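The values are calculated or read from the model by the stated rules, or taken from the named source; none is laboratory data. Computed from a prediction, not measured in an experiment: that's the story for all the values here. Reconstructed Cβ throughout: ideal geometry from the backbone, glycine too, with neighbour counts over all protein chains shown. Ligands, DNA and RNA are excluded from the accessible area calculation, which covers all protein heavy atoms including side chains. Shrake-Rupley method; radii C 1.70, N 1.55, O 1.52, S 1.80 Å.
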Amino acid sequence: MLKRIKGNYVFIFSIFVFILMVYKHCIVQLGVADDVWFLDIAQNRDLIDYLFERYFSWTSRLIIETILLVLLRLPSIIWIVLDSLMFVLSYYSMIKILNSQKSLRINLVLFILFITFPFSFFGSAGWYATTLNYVWPLGFGLYSLSYIQPLYNEEKMNILAKVLLILSLVISTNQEQMCALVFGFYFLSVCYYFYKYKRINVPLISILFFSALVLLFHATCPGNASRLIQEIATFYPSYKNFSVIDKLTLGVLSTFSYILIYKEIIVLAFLIIMLFKSIKSKKIHIILISLIPFLSYVYGYYCIQWNLDGFVNGIVSRFANSPEFIPYDIYTFIYVLIILLEVACICFVMYNVLEFKNFIYVIIVLLAAFASRVILGFSATIFASQSRTFINMFMLFIIADVILLFNIKPELIGDKEEK
């Protein structure tokens, strides 16, 4: 039996993901939050007029909102099936990025981590609205990243592959966070290719140029500027007084605070895997250093969960709510020093337990993960948007977990074999 399914693990686990997601979609309560407002628009407004008005008053996510409004007019089963397929696409794309389609162990571990992700994250603004704005760009975005290696290696692509790549780029980059991630990964690939071969890879730089244009489209959209003003007034009035440094500080420290508050198993899994790898190295100094971030996380978790330590709770909570100003006092600097210590320990351990290339890959993925959330420091809805701002971050953490555990080389920055 195993011989017959060998090589089809990714297909089998994708079926499991689809069945599970269909079930989860079927038991959620629809018609809540932003979905109510969008449903009224879908039923009573002309689509073209609405999009024209939306561009100048609120958002640049015109493609995403078009799909959203079309799906709201159709029976919910269509959204259930398509949205479940987007989760499958995310899972499949991760496996493809990790180049592990034929590995049972990697498929199984990634499947377990994937299904442990809190499904409630995808309904915080209404199920249609949240999934269309986050799950669809995530699935298509990861799929577009899975093409970096073939493009880097100058592999020929058939017409279907080209169409799917273009489709994935168009939809994924319509969301600002994912557009920035696509731009970042392709930028690194273009730079690395030029560094290694002293020439330009046309397909890679074409996608980089496309994502740069879309970023420019987002940046110059009058609706985005208008929305920022309205969101500041509605959600965060004091935000208008924040400097760039304030916003960056808010993004960084709120991200680390919410890592403890959400108690996400994916982050804990990373620390456990790192501890496991250090134990396998049989080097006592590496083991001791790997214990620092692990025990710190566990202690912080219990302090938040059971209100055990007023200092820890205070230092975390001050950046988990909308502060009137950024307190650059001794407690903030202590918090920053603790974070720097944790980061230094993690980097030291990974450097010693991974091959150098794998270490670089994990660092890149982790930096991208944190950047996808830290950038929300430049949005007045950093707290109003709640858990959905962490979706890209935690999904990238899943990739980092698997890379670290199996010491594998992913395909986010190609590395063509010399001929």
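Structure notes:
- When residues in region 282-316 are screened for being touching a residue at least 60 places away in the same chain (Cβ under 8 Å) and of a type in the set (Lys, Arg), 1 of them pass.
- Output for region 355-394, where each listed residue is in contact (Cβ under 8 Å) with a residue 24 or more places away in the chain, more than 21 Å from Leu138 (Cβ to Cβ) and either touching a Phe, Trp or Tyr at 6+ places or on another chain (Cβ under 8 Å) or buried (at least 19 other Cβ atoms within 10 Å of the Cβ) (or both): Ala380, Phe383
- Residues that are of a type in the set (A, V, I, L, M, F, W, C), part of a helix (DSSP H, G or I) and either more than 23 Å from Phe390 (Cα to Cα) or open to solvent by 40 Å² or more (accessible area, probe 1.4 Å) (or both) within region 219-236 comprise Ala219, Ala225, Leu228, Ile229, Ala233, Phe235, listed in sequence order.
- Filter pass, Ile261 being under 30 Å from Tyr302 (Cα atoms) and open to solvent by less than 40 Å² (accessible area, probe 1.4 Å): no
- Considering only residues in region 266-319 that are at negative phi and part of a loop (DSSP other than H, G, I, E, B), the one that is least open to solvent (accessible area, probe 1.4 Å) turns out to be Phe319.
- Against the list (1) open to solvent by 40 Å² or more (accessible area, probe 1.4 Å); (2) closer than 21 Å to Asn133 by Cβ; (3) touching an Asp or Glu at 6+ places or on another chain (Cβ under 7 Å), the condition Asn99 fails is (2).
- Yes/no for Ser57 being open to solvent by less than 10 Å² (accessible area, probe 1.4 Å) and either touching a residue at least 40 places away in the same chain (Cβ under 8 Å) or touching a helix residue (DSSP H, G or I) at 6+ places or on another chain (Cβ under 9 Å) (or both): no
- Helices (runs of 4 or more DSSP H) contained in region 110-159 and holding at least 3 residues under 22 Å from Ser385 (Cβ atoms): 127-130, 136-145
- Candidates Tyr239, Tyr192, filtered to the one that is in contact with a Gly (Cβ under 9 Å, 6 or more places away or on another chain), surrounded by 13 or more Cβ atoms within 10 Å (Cβ to Cβ) and either at positive phi or in a helix (DSSP H, G or I) (or both): Tyr192
- Listed conditions (1) modelled with pLDDT of 95 or more; (2) surrounded by 13 or more Cβ atoms within 10 Å (Cβ to Cβ) are all met by Leu216, apart from (2).
- Ile399 crowded, with 22+ Cβ neighbours inside 10 Å, in a helix (DSSP H, G or I), touching a helix residue (DSSP H, G or I) at 6+ places or on another chain (Cβ under 7 Å) and modelled with pLDDT of 90 or more: yes
- Every condition in (1) more than 27 Å from Ile279 (Cα to Cα); (2) surrounded by fewer than 16 Cβ atoms within 10 Å (Cβ to Cβ); (3) in contact (Cβ under 8 Å) with a residue 60 or more places away in the chain holds for Ile339 except the one numbered (1).
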